[in-house]
Structures are given as structure tokens and as C-alpha cells.
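Input: a single structure, listed below in C-alpha cells.
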């Protein structure tokens, strides 16, 4: 029953607010209309609210990561090499990079990296 309540609450909230899209200057716009209505009609929070961080693993550092933030100067000063092949593992909402499948996938990617 909770899922139904959350679904209806989100849908009604979006309809009342009239919010069907939201834009952020650095990354673009998002909609919650079909076919993008799979998040219970919620629009994404701003990047500053989410505070996304990336863990940079390399073949030289397969177990120890460097935290990268979405800031061009921070990335420039990091160990990230833009000419190297880059793979990004997206673990999904309400989760962090600590599940067994995340670690196994990272290890396999680094083993096979060219």
C-alpha cells in the first residue's frame, strides 16, 4: 500500500505544482512526462542538492580510489587522464558503490582495460 500512496502523492504533487520539467544550467532539462515518468513523477533534485561524487579507480590504483567532484579544476588536478579509455558504472538511486556486483564489475573492467 505504501507504494500506491507514494505513487499517488508524487503524481498529485506534480500535477498540483504544474511541474513537468526542470532545467539546470550545467546539465540541461528533465521531464517527468511519458516516457520519462518512471520515477513516480518526481523531477530530479539540483546537482548541488545531490552532491554527486565520482570514485576514480585506475589500473595503477585498482583498490584505492580518488574522489572526483563535478568541477573542471578539480578534475584537471586529479589523476584522471582524458586520453585514457573511461568507463562509468552507474549504480542507481538510493545506493552507493559498495555492493558486491559494483566491485566485481570495476575489477573486471580494470583487468580488461586496453
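Every number here is computed from the coordinates shown, using simple stated rules; none is lab data. As the structure is a prediction and not an experimental result, all values here were calculated from the model. Here the Cβ positions follow ideal geometry from the backbone for every residue, glycine too, while neighbour counts run over all protein chains shown.
Points to keep in mind about this one:
- Evaluated over segment 35-86, the Cα radius of gyration and Dmax, each in Å: 15.1, 42
- What the Kirkwood sum gives for segment 52-114 is a hydrodynamic radius of 12.6 Å, with every pair of different alpha carbons counted.
- The packing ranking of peptides 49-62, 74-87, highest mean first, is 49-62, 74-87, where packing means the average number of other beta carbon atoms within 10 angstrom of each residue.
- Computed E for residue 55/residue 29 - FRET, C-beta separation, R0 35 angstrom, nearest 0.05: 0.80
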